[in-house]
1. Take each of the peptides 77-88, 3-14, 173-184, average the number of other beta-carbon atoms within 10 Å over its residues, and list them starting from the highest.
2. For residue 109 and residue 3 in one chain, what is 0.36 nm times their gap in residues minus the Cα-Cα distance, to one decimal in nm?
3. 7 Å from Cα along Cα→Cβ at both residue 173 and residue 53: what's the point-to-point distance in nm?
4. Roughly what would the spin-label model give for residue 91 and residue 38, points 7 Å off Cα along C-beta, in nm?
5. Compute the signed sum of charges (Lys and Arg +1, Asp and Glu -1) over the other residues within less than 14 Å, Cβ to Cβ, of residue 201.
6. Within the P(r) computed for region 162-251, what percentage of the Cα pairs occupies the region above 16 Å?
7. Count the net charge of all other residues whose Cβ sits under 12 Å from the Cβ of residue 147, scoring Lys and Arg as +1 and Asp and Glu as -1.
8. If I take the Cα coordinates of the chain and project them onto the principal axes, what are the three extents in Å, biggest first?
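The values are calculated or read from the model by the stated rules, or taken from the named source; none is laboratory data. Everything numeric in this text was worked out from a predicted model, so none of it was measured. Because the Cβ atoms are built from the backbone with ideal geometry, glycine has one as well, and the counts that use them run over all protein chains shown. The accessibility values were calculated without ligands, DNA or RNA, using every heavy atom of the protein model including side chains. Shrake-Rupley method; radii C 1.70, N 1.55, O 1.52, S 1.80 Å.
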Amino acid sequence: MAIFEVKLNNQIIQSQRTFQFNITPVFSYFGAFADVTNIVANTGNGQYTFSDFDLTQQINTGYCSGRVNFGGWSIIIVYEDQSLPLNQVNIYDGFQGVPNSNSSFIQINLSNLNVIDNQGAKIGFLAWEGDKGLALNETLRINGNIISNPPLNPPTNAFNGTNSFTGDSNFYNMDLDVYNIQNNINIGDDSALIELTSSSDIIVINNVVTVLNSELPEPSPEITNISGECNSREIEVDYTIYNTNATDFLPANTLISFFLLMDNLSIKLRL
């Protein structure tokens with residue numbers, strides 16, 4: 001059974017979401033996610049200790065002999081800097097592998113964008129099992145365009161055990177890179193297509209992060225109370241509309257819709 005409880009700074013962390021990807025019926029890989037915002041916010045800058053991550057029972061000799069035994073962990077931190085322009089940060093969190101039994105590519109479509117400036121646009125990703133030796137159709141594409149930053153990451157060897165933050169090229173079991181993509185998106189775009197391909201080496205994509213100068217409101221309703229009498233089609237709803245996770249003001253008179261399901265009858269309330 002996979003280990004889904006670890007420690008960060010000696011505090012027990014239990015997974016909130018788990019993932020699995022099977023290369024073959026024998027070789028199975030897993031990942032997990034947990035929100036550690038409170039720990040990072042309370043600790044701030046400093047040293048973080050990750051412990052109790054024991055894979056001894058999970059990796060048998062078959063993984064070792066095939067040189068596909070690896071493990072790791074990461075923290076993605078989003079912070080605010082008032083001196084920087086407003087940006088929309090999109091974080092893809094999952095555990096998909098390529099090539100798989102169905103395809104040699106993964107597509108991630110970022111929607112609900114409103115790009116007002118493409119300067120400083122970036123994409124970063126964390127992938128597992130990337131190595132330099134196998135480089136058959138290993139590409140990262142934005143809106144159909146292959147992006148690269150040679151010599152660290154050639155166009156057809158995107159997953160090659162490198163870290164573009166430090167310039168290292170000896171990660172072996174992982175790839176951590178960031179690219180400028182300002183020439184691959186346009187002002188006015190309302191979506192962006194990310195595509196990752198590999199035709200030979202197994203690549204497991206764990207995280208993809210994009211930073212775009214996109215201004216949009218984000219109305220977030222919170223229902224605080226619902227009241228009504230039995231067998232009545234009239235209800236009373238107390239609610240608050242928030243706009244905290246946004247990069248633009250929420251216009252007045254914005255239509256907010258609630259949906260109520262009553263005995264298989266769907267009623268749409270426009271408030």
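1. 173-184, 3-14, 77-88
2. Extra length from residue 109 to residue 3 when fully extended: 35.0 nm.
3. Going from the residue 173 label point to the residue 53 one covers 0.9 nm.
4. 1.6
5. For residues surrounding residue 201, the net value is -2.
6. 75
7. 0
8. 68, 45, 44
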